[in-house]
1. Any residue in the stretch 115-130 that is over 21 Å from GLY54 (Cα atoms) and without any contact (Cβ under 8 Å) to a residue 60 or more places away in the chain sitting within a Cβ distance under 7 Å of a residue that is in a helix (DSSP H, G or I) and among the β-branched types (Val, Ile, Thr)? List the pairs, counting only those 6 or more apart or interchain.
2. For the stretch 39-83, give me the residue count where each residue is over 24 Å from LYS138 (Cβ atoms) and of a type in the set (Phe, Trp, Tyr).
3. Could you tell me whether ILE186 is touching a helix residue (DSSP H, G or I) at 6+ places or on another chain (Cβ under 9 Å), in a helix (DSSP H, G or I) and not hydroxyl-bearing (Ser, Thr, Tyr)?
4. Kindly evaluate ASP40 against the criterion of being closer than 18 Å to TYR238 by Cβ, of a type in the set (Asp, Glu) and either in contact with a Cys (Cβ under 6 Å, 6 or more places away or on another chain) or touching a residue at least 40 places away in the same chain (Cβ under 8 Å) (or both).
5. Please enumerate the residues belonging to the stretch 190-248 that are of a type in the set (A, V, I, L, M, F, W, C), more than 24 Å from GLY103 (Cα to Cα) and surrounded by fewer than 17 Cβ atoms within 10 Å (Cβ to Cβ).
6. If you take just the helices (runs of 4 or more DSSP H) that sit entirely in the stretch 12-105, which of them hold at least 2 residues that are in contact with a strand residue (DSSP E or B) (Cβ under 9 Å, 6 or more places away or on another chain) and surrounded by 19 or more Cβ atoms within 10 Å (Cβ to Cβ)?
7. Among LYS181, LYS139, which is the only one that is over 22 Å from VAL92 (Cβ atoms), assigned to a helix (DSSP H, G or I) and without any contact (Cβ under 8 Å) to a residue 60 or more places away in the chain?
8. Would the stretch 161-173 turn up any residue that is surrounded by 15 or more Cβ atoms within 10 Å (Cβ to Cβ) and assigned to a loop (DSSP other than H, G, I, E, B)?
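The values are calculated or read from the model by the stated rules, or taken from the named source; none is laboratory data. All values derive from a computational prediction rather than experimental measurement. Cβ sites come from the backbone with ideal geometry, for glycine too, and all protein chains shown count toward neighbours. Just so you know, the surface numbers come from the protein's heavy atoms only, side chains and all, with ligands and any DNA or RNA stripped out. Shrake-Rupley method; radii C 1.70, N 1.55, O 1.52, S 1.80 Å.
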Amino acid sequence: MKLIAPKPFTIEAGKRAVLLLHGFTGNTNDVKRLGKYLADRNYTVHAPLYKGHGGGPDLLIQSNPIEWWNSVIEGYDELKNRGYEEIAVAGVSLGGIFSLKLGEERPTKAIVTMSAPASSKSTDSLQNRIVDYAINYKKLSGTYDEAIDSRTKIAELVKMPSLNYLQSMINETSEKLNVIKTPVHILRGLEDDEYYCESADLIYSSVNSRIKSVKTFINSGHILTLGKERELVFEEIYRFFEGLKWQN
């Protein structure tokens, strides 16, 4: 079975622009429905695809966090080059911490984080995500053989050396959250790992934004944009953006 690789997408629909960022081992499909929702309400949206994501696990493990971050900057610059002066950013999981990092380093109209990590986890948990990714990819592509594709064997094949650097990037971003003064809206799912729920509180207490808030979705897990409360999540983000004073 030939898989159709996800791609970056842009929908130009209005003068207000939003950069949408997916998570680690995710892809732009994770934010596509949110992008369509915002575009239907006159927001221009752009979602970059991080290098190494959306394809086979071999491509993922050969990429690194610096390249993923460069994909974010390229996405931001894409909107700038199209003439958008005010750019908000919304991200899921790793995309959430990248949204905060962008707010620390570039002018942003507002920031929405969803299930963002605010302190390092063990690299084992991240490595397990890669193993899951590899197994799912094999199943979707029709190459999975239960007799030979044991989890242990696959784990040996998809070791990723740059995960420690990813952890340091998350920590460095969290340490500088106090420089953020733009509006921040923090979303979390109550069914997510407690680590992410606690990270939401840490982000809220650390940013220096006059406008900041936390919203909890009680029936949602980690990827809020794909969960059963996704329509409520989309509406929450839209209302947050609508409450800002845009130039246009």
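1. Once the first residue is over 21 Å from GLY54 (Cα atoms) and without any contact (Cβ under 8 Å) to a residue 60 or more places away in the chain and sits in the stretch 115-130, its partners that are in a helix (DSSP H, G or I) and among the β-branched types (Val, Ile, Thr) give SER120/ILE170.
2. Count: 3.
3. Details: touching a helix residue (DSSP H, G or I) at 6+ places or on another chain (Cβ under 9 Å): yes; in a helix (DSSP H, G or I): no; not hydroxyl-bearing (Ser, Thr, Tyr): yes.
Against the criterion (touching a helix residue (DSSP H, G or I) at 6+ places or on another chain (Cβ under 9 Å), in a helix (DSSP H, G or I) and not hydroxyl-bearing (Ser, Thr, Tyr)), ILE186 does not qualify.
4. Details: closer than 18 Å to TYR238 by Cβ: yes; of a type in the set (Asp, Glu): yes; either in contact with a Cys (Cβ under 6 Å, 6 or more places away or on another chain) or touching a residue at least 40 places away in the same chain (Cβ under 8 Å) (or both): no.
When the stated conditions are applied, ASP40 does not pass them.
5. Hits for the stretch 190-248 are LEU190, ILE218, LEU232.
6. Working: elements: 29-39, 57-62, 65-81, 94-105.
Qualifying helices (runs of 4 or more DSSP H): 29-39, 65-81, 94-105.
7. Numbers: LYS181 fails: assigned to a helix (DSSP H, G or I).
Answer to the check: LYS139.
8. Scanning the stretch 161-173 turns up at least one residue that is surrounded by 15 or more Cβ atoms within 10 Å (Cβ to Cβ) and assigned to a loop (DSSP other than H, G, I, E, B).
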